[in-house]
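One structure below.
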Amino acid sequence: MSGGALTLEGVGKRYGVVRALKPLDLVVQPGTLVTLLGPSGCGKTTLLRLVAGLETATEGRILLGGQDVTQLAAGERNVSMVFQSYALFPHLNVLDNVAYGLVSSGVKRAEARLRAEATLGTVGLAGYGARLPSELSGGQQQRVAVARALVLEPELLLFDEPLSNLDTRLRRSMREEIRALQQRLGLTVLYVTHDQAEAMAISDRIVVLRDGAIAQAGTPRELYEQPASVFVAGFMGEANAVRARVLAVAAGQAEVALGALRLTLPARGCGPGEADLVVRPEAIRLGGAEPATVTRATYMGSHAEYVLATAHGPLLAMLPGGGEPHAAGSAVGFDIDPAGAVLIGQEKEEER
Amino acid sequence: MPRLSWPPPWPLLLAAAGLLLLPWHYPQDGFALVSVWGEDADATSALAQAARHGRFWFWPALAALALCAAWPRALAPAVLGLAAVLAQALAVGVQGWSAPWLEALFGALDDRQFGIGLGGACTTLGFLWLTTGALARRGAFRGDRFVAGGVGLLALLILLFTAWPVLRLLAEMAAPREGFTAWASLAERLLDRKLLSLACVVQPVGCGVLWNTLLLAACSATGATLLGLCFALLVTRTGLPGRRALRMLTVLPLITPPFVIGLGLILLFGRAGLVNQAAEALFGWELGRWIYGFDGVFLAQVFAFTPTAFLVLIGVVEGISPAMEEAATMLRATRMRAFTSVALPLMLPGIANAWLVAFVESLTDFGNPVVLGGSFGVLSTEIFFAVVGAQQEFGRAAVLASVMLVVALGAFALQRRVVARRSYVSLTGKGDAGLPPQLPAPVRRAAMAVALPWAGLTVIVYAMALAGAFVKVWGRDWTPTLEHFRRAFALEWSAGGLIFSGGAWHSLGTTLLLAGIAAPITAAMGLLAAWLLARQDFRGRTLLEFALMLTFAVPGTVMGVAYILTFNLPPLELTGTAVILLACFVFRNLPVGVRSGLAAMSQLDRSLDEAALTLRASSFRVLRTVVLPLLKPAIVTALVYAFVRAVTTVSAVIFLVSAEYEMATVFIINRVINGDYGVAIAYCAVLILLMVGAVGLIQLLVGQRRLGRRAAVPA
Amino acid sequence: MTRLLLLLALLAPLPAAAQGTLNMLCAPAADWCEAIAAAFQRDTGVRVSMARKSTGEILAQVRAEAANPRTDVWFGGSAEAHFTAAEQNLLQAYTSPNMAQLPPWAQRVHAQSQGRCVGVSSGAIAIVYNREVLARRNIPVPQSWAELLLPAYRGEIQLPNPNSSGTAYTIIAGLVQLWDEDRAFAYLRQLHRNVNAYTRSGAAPVQAAARGETGLSVSFNMETESLVQQGFPLAMTYPTEGTSYEVACLSIIRGARNQAQARRFYDWYLTPAAMDIGLASNQYHVPAHVGAKADPRIPDMTKLRLIDYDIAAYGDAARRRQILERWDREVGSQPR
């Protein structure tokens, strides 16, 4: 288990009788960005705060670069955190905010200011030092918060939904900046978000949490293409979940029947019988053998969205640009591109 | 193996200094460091007492210190040290062993010890912090030694200065009277007809003081709440000119020493007062002496507590979102209906809160009933006279005090429930676009009809009372004079320099010094407690909060009696010293510091502290560099309040003053009792001026928060 | 916290003077107390630390401090209070070499208390009236206890409450000794109709009379005279049947830390020079020394018709309790 910048061994948290986090193991390798992804209340922020030292784990061990920090206070751990609200000290100017951690660690004030100034340059805010946080835009405040955490050169940098207060456009450019910075400086980052697009865009690995436990961990591609559960599939982008029948399994390939359709997919541990099949909306092609009726049609510019009523329940289909429009109420057939469909492994499902 | 560390943790140094270098006991005659190894055993350090003077009961503490030095991070030696200090303090008193079984065990002891002094205090704190530090290292308090130390310190101080005295007083309730058992004495005191009689319902005689007190408190609270509501509505919801002046007027009673209102009322409404004389001269009416007794005390208390109710209610009235009433008017409600069906119900919990605050204030009021009560007795005056009057019965005082405590606690519990339910007051973070709606005309007229004459009356009462400082014999000879000021505050130049020859200088100096010392301690402890309660999570947090708030419900008289009972004997022998007065001020006013701290803290985003924590700041540094600068308004409130209360309080300190440490209010009440009103009022006037000055000075010293353009966080 | 520790260091008492210190609790008016303290300090070099408190407060404090006294001498306050303290073994017996020159009433207190206290001054109870109020209402000036029962005085008399006031107890105990207990209480019950209030403090009724808040009160002559000198329209009569009086005492606290200085003060006060301080500060007490100057404005004790007041018997706690309980039952709780 060792060798990671951060290692969690059976770390759990309960508040009285309420269980916030079931005991879990996690390793973050040096120089990587790992995202904790999940719906609100899944325990991702609790986990982050345990690592930060803002709360104490009720069980398990937290190792930072091999050293047990479970009982250490926040200030004694070599980690920094960027807060959702930025938490910039409103009574200190930008430079003093950034220098705060250095001064706390005993660096002389003059030197701390120099280093803070340099770090402000790194995040593109050179010359803003004398302003008060309230005199900056949201994006600039965000950068100050990052600079303030960066300047300490921590072993591990924590981000708690850092982009949720920004508008969509800014969010996209900020997340690219964070990813670029992380890769340029080789930072180890634990990043919390509930936005899967954000997670996909910046992560080396993603940990999906559900009800205080890890639902699945892996690279963005693994999670998207081989979700361990309908929940993970649904959380990693739009997905249609249907019940299908596995007719036969041979050499790891399953023969799957959905109504009149027949698909050959990796079995992923499924045996003959009922199974969950996840179908991405872009994998549904209109004009196939299985009957369906269009109940809603929406034109989105780059593509068109259709909600189909089928024998397997409503399905969402996305068709790229040029396709011929179908009006609501028209009967269409559909079939499925096997590349965009995946069987949910039975035993994994049990495990959950 | 012992783990020696260098430098040693500073609590260890503190404990060592206390045991080895500083005189252990409170100095009886003078204080000099050179005497810590001297011949006078009582002036020496614990080590010297043990080694040179045969006081073997110090050896366990010294041994614990050695163990702590060897294992400075371990829990057991530190706990041992605390226990050893406690044991020696309790085992040996002023007359040798303090319990017979100790004497049986160790043999007769021809020695005694005085109260704990500098050395003892340092050692106790040292061992305490070694203990909390060791606990924190074991993972308690999230491993934060500063938090652990803070909680330990607060718990110790509250135990010593609140819980212990109150319990000591309650124990006195059952002190046996001659010829009675303890239980019979208790029963007799509790079932006393003077306490519980209901005779006044059927006959024109006095009822038991409990019913007097409750009736008075209920009436005063109702009156003050109604008036406070009228003022609050007028100030926030009318275009009344002079609203600022009205606000100022309501602050005046807060900084007024007790008695001023009572004296002003006598001069105005007394039998020989202006109103009566005018009525008699003009109409031949004899209005009599109604001011003495229930009516007068009621009137004075309404004067005194209306500002308190107003200050509570103005927040409530301002907190009702205008959008609520606007919505109601959009739904075809008349302005009157919108007010009565929407605004008023929303204000109700706030009104109930104001009522309960005024109720408790009336319950604990001493100054007004003592000046205006006549035959009419309430609990606070009965307690006072039970102790100092001809009865000389601590037991009865203790029973009355505990009855008062129960009522106060009941009101306090009720208030907490009411305030907890207040959450539906519609104060949201969003900026409401609406303007505060104007009051419906009938309500406005009614409020004005009540409030404006009252405001006028307040001005007249103050003017009358303060006029007494500038005339020869108050109520008799109205020749203008500054004689009273000269008698109280004369200054003389002599060869030796300036001589403060006025009679009031001594008590004024003491009052300002002690209030000036107590205020920052109160504010610091209050804010520390608020920060611990709001931001830290530790076992016993709720208990600590309850204990802190409990002090608020302990009436001053009760506290004063409990203090002299408790702190006259070693180990804490504080009567006659300034420390007992300081402790009284600090612990009486602590809850207010905690409250203003908690209120301010709830408006500070928690992630600010957390951000600082993750930036390597220690908890102490977080408090100093982030929390405190952002809490400046709360600091000002706490400082001002602690200072003003320390200067104006009378009921608690009347038992605690001594020759060296006389307080201004006690000086004043002595003059009032002697009928020397001129000097008393001159003194009050000077105090009011000084307090206004002090409030300004505190504002200046603490300074403003600098937040840039978004400085909208309310105080 | 460091601040608190610093404080403890700062507030420690300063080194004492060479002649030692004396801690005194003083019951009479502040002016007098201050003058005595200053004079003793000047004469002897002993540093005096004096607090003025009411008699009840002093007794409460002395009792609370019993196990560990902080006070050395207690000056002033009624003999009954000193007797109560003596009964609880709170006072130290002492016989001064200067005793011989004291008048009989002062010496008798010393003898009755087995040397635990000595009389230092005295004053008598008088019926006090506001001249202007009586004139305006055409009420005659009362000359006796009996006349106070007249309907003319209805609602015009103010008395202190014996549960809290030593003055009130002195009045009632005096009446009990003047007649007998039953007759005294029968009188008080009748008087009850004319009383407008029983105040908590003994000094309050005369204050009220001074400002015309009540027409009459029953109070000590020295308090009244002091108000007369301030210009209030008060006058007194001493009841023809006889009246009560108070002997104010001086005592040394048992276990006092400064015994030598306490005795020095005791001896010093029993001299004419020290007793004249009261006269100089307008106190209107009768001094307890044949050589001391008498105040011309206050009648000599020998010129008054005094009740033969047995301080020892009526200072006794059980007797006091019995009288107070009867007063509560028969007077205090009755309708008016």
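The rows are residues; the columns are (1) touching a helix residue (DSSP H, G or I) at 6+ places or on another chain (Cβ under 6 Å); (2) surrounded by fewer than 16 Cβ atoms within 10 Å (Cβ to Cβ).
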| site | (1), (2) |
| --- | --- |
| C:279 | no, no |
| C:289 | yes, no |
| C:295 | yes, no |
| C:307 | yes, no |
| C:335 | no, yes |
Where the second residue is in a strand (DSSP E or B) and hydrophobic (A, V, I, L, M, F, W, C) and the first is over 18 Å from residue A:335 (Cβ atoms) and lies in the range A:247-259, which pairs have Cβ atoms under 9 Å and are six or more apart or on separate chains? A:248/A:254; A:253/A:265
Here's a check for you: in the range C:176-194, which residue that is part of a helix (DSSP H, G or I) and free of Cβ contacts under 8 Å to residues at least 60 places away in the same chain is surrounded by the fewest Cβ atoms within 10 Å (Cβ to Cβ)? C:182
Looking for whichever is over 30 Å from residue B:575 (Cα atoms), buried (at least 21 other Cβ atoms within 10 Å of the Cβ) and without any contact (Cβ under 8 Å) to a residue 24 or more places away in the chain here; the options are B:621, B:616. Which one fits? B:616
List the residue pairs whose Cβ atoms are under 7 Å apart, where the first residue sits in the range B:515-529 and is touching a residue at least 60 places away in the same chain (Cβ under 8 Å) and within 12 Å of chain C (Cβ to nearest Cβ), the second is buried (at least 24 other Cβ atoms within 10 Å of the Cβ) and polar (S, T, N, Q), and the two are 6 or more positions apart or on different chains. B:522/B:589
Among the residues of the range C:210-230, which ones are surrounded by fewer than 24 Cβ atoms within 10 Å (Cβ to Cβ) and at pLDDT 90 or above? none
Taking the range B:145-158, which residues are at pLDDT below 90 and surrounded by fewer than 16 Cβ atoms within 10 Å (Cβ to Cβ)? none
What do you reckon, is residue A:87 part of a loop (DSSP other than H, G, I, E, B), at the interface with another protein chain (Cβ under 9 Å from one of its Cβ atoms) and within 25 Å of the chain's Cα centre (by Cα)? yes
Scan the range C:227-247 residue by residue and report those that are in contact with a Leu (Cβ under 9 Å, 6 or more places away or on another chain) and under 17 Å from residue C:168 (Cα atoms). C:238, C:239, C:242, C:243, C:244, C:245
Filter the range B:570-600 down to residues that are within 10 Å of another protein chain (Cβ to nearest Cβ) and not in a helix (DSSP H, G or I), then give me how many there are. 5
Taking the conditions exactly as written (farther than 25 Å from residue B:164 by Cβ, touching a residue at least 60 places away in the same chain (Cβ under 8 Å) and not in a loop (DSSP other than H, G, I, E, B)), does residue B:64 satisfy them or not? no
Return the total of residues in the range A:87-109 being on the phi > 0 side of the Ramachandran plot and among the hydrophobic types (A, V, I, L, M, F, W, C). 1
Residues satisfying the stated conditions in the range C:231-245, i.e. surrounded by 18 or more Cβ atoms within 10 Å (Cβ to Cβ) and within 13 Å of chain B (Cβ to nearest Cβ): C:232, C:233, C:234
Checked the range B:601-610 for anything assigned to a helix (DSSP H, G or I), surrounded by 18 or more Cβ atoms within 10 Å (Cβ to Cβ) and in contact (Cβ under 8 Å) with a residue 12 or more places away in the chain; matches are B:601, B:608, B:609
Where residues in the range B:341-380 are closer than 26 Å to residue C:164 by Cα and aliphatic (A, V, I, L, M), which of them is nearest to the other protein chains (Cβ to nearest Cβ)? B:370
Give the residues of the range C:278-298 that are within 17 Å of the chain's Cα centre (by Cα) and either of a type in the set (A, V, I, L, M, F, W, C) or assigned by TED's automatic domain parsing to the domain that holds residue C:240 (or both), sorted by residue number. C:279, C:286, C:288, C:298
Given the options C:168, C:203, name the one that is surrounded by fewer than 24 Cβ atoms within 10 Å (Cβ to Cβ), in contact (Cβ under 8 Å) with a residue 24 or more places away in the chain, at the interface with chain B (Cβ under 9 Å from one of its Cβ atoms) and under 21 Å from residue C:122 (Cβ atoms). C:203
Considering only residues of the range A:206-226 that are surrounded by fewer than 19 Cβ atoms within 10 Å (Cβ to Cβ) and of a type in the set (D, E, K, R), which is farthest from residue A:11 (Cα to Cα)? A:225
Of the numbered conditions (1) part of a helix (DSSP H, G or I); (2) hydrophobic (A, V, I, L, M, F, W, C); (3) crowded, with 24+ Cβ neighbours inside 10 Å, residue B:291 fails exactly one; give the number of that condition. (1)
Quick check: anything in the range A:58-71 of a type in the set (Ser, Thr, Tyr), in the same structural domain as residue A:208 (by TED's automatic domain parsing) and farther than 24 Å from residue B:148 by Cα? no
Sort out which residues of the range A:62-75 are under 17 Å from residue A:7 (Cα atoms), over 26 Å from the mean Cα position of the chain (by Cα) and not in a loop (DSSP other than H, G, I, E, B), and write them in order of number. A:67, A:68
Taking the criterion of being among the charged types (D, E, K, R) and either modelled with pLDDT of 80 or more or in a loop (DSSP other than H, G, I, E, B) (or both), would at least one residue in the range B:396-407 satisfy it? yes
Within the range B:637-655, can you find the residues that are at pLDDT below 80 and in a helix (DSSP H, G or I)? B:637, B:654, B:655
Taking the range A:84-118 only, how many residues are crowded, with 23+ Cβ neighbours inside 10 Å and either touching a strand residue (DSSP E or B) at 6+ places or on another chain (Cβ under 8 Å) or β-branched (Val, Ile, Thr) (or both)? 3
Verdict on residue B:567 being farther than 25 Å from residue B:408 by Cβ and either in contact (Cβ under 8 Å) with a residue 24 or more places away in the chain or more than 10 Å from every other protein chain (Cβ to nearest Cβ) (or both): no
Quick check on the range B:45-73: of everything there that is in contact with a helix residue (DSSP H, G or I) (Cβ under 6 Å, 6 or more places away or on another chain) and among the small types (Gly, Ala, Ser), which residue is farthest from residue B:10 (Cα to Cα)? B:50
Residues in the range A:227-258 that are surrounded by 19 or more Cβ atoms within 10 Å (Cβ to Cβ) and farther than 18 Å from residue A:284 by Cα: how many? 8
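The values are calculated or read from the model by the stated rules, or taken from the named source; none is laboratory data. These numbers were taken from a predicted model, which means no experiment stands behind them. For neighbour counting, all protein chains shown are included, and Cβ atoms are generated from backbone atoms with ideal geometry for every residue, glycine included.
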